[in-house]
Amino acid sequence: MLQVMLRDHNRAREEVGVPDLVLDDNLSRDALAYAEELAASGRFEHSPGTARPDQGENLWAGTESAFSFEEMAAGWIDEKQYYIHDSFPYVSTTGRWQDVGHYTQIIWRDTARLGCGIATGTGRDYLVCRYSPQGNIVGQFAY
């Protein structure tokens, strides 16, 4: 799973000319712990920012065993169809940055490290990816 996520993230980054991400064991460990928490509780919400200082976070959930890792990553990367290259949060043709926020985190130039974890519970797979340094910073461009 980690190699698929890294590959697909870096392909998206290559398209916009930003450096590749590298895997980070600590980020992966933290992402897995949070994925397990979501799977156990059935909740689907971002972790508190205080629990992940200077880390961005993408979440994905879907029916247990129904989606490939490539499909999970594509769910975020496909947001590029609504992306506008402007300063954050003015980055979406829809007028809502949330419609491209996963994608912008993936392509954020200053982000260098990636860690992901996946857990299953309540009939769903929960994928959490963490990014450091975080992206989606108000007033900045993704790249």
Review point. Rounded if a/c is under 1.5, else prolate if a/b beats b/c, else oblate: with a ≥ b ≥ c from the C-alpha gyration tensor eigenvalues square-rooted, which is the stretch 1-94?
Key: rounded
Point to revise | Stretchable slack from Asp20 to Gln3, in nm (0.36 nm times residue separation minus alpha-carbon distance) | key: 4.8 nm
**Study point:** Three-way shape label, the stretch 36-143, alpha-carbon gyration tensor, a/c 1.5
**Key:** prolate
Practice item. Give the shape of the stretch 78-130 as rounded, prolate or oblate, defined through the alpha-carbon gyration tensor: a ≥ b ≥ c are the square roots of its eigenvalues, a/c under 1.5 means rounded, and otherwise the shape is prolate if a/b is larger than b/c and oblate if not. Key: oblate
Check your understanding: Given the rule -39500 (n - 2.57) for each run of at least 4 DSSP H residues, summed and divided by the residues of the chain, what is its mean residue ellipticity at 222 nm, to the nearest 500 deg cm²/dmol?
Key -> -10500 deg cm²/dmol
Practice item. With the full set of protein chains in place, find how many percent of the accessible area of the stretch 38-116 is carbon and sulfur; take the probe as 1.4 Å. Key: 51
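The values are calculated or read from the model by the stated rules, or taken from the named source; none is laboratory data. The structure presented is a predicted model; accordingly, all values stated were derived computationally and were not measured. What goes into the accessible areas is simple: the full protein's heavy atoms, side chains included, and nothing from ligands, DNA or RNA. Shrake-Rupley method; radii C 1.70, N 1.55, O 1.52, S 1.80 Å.
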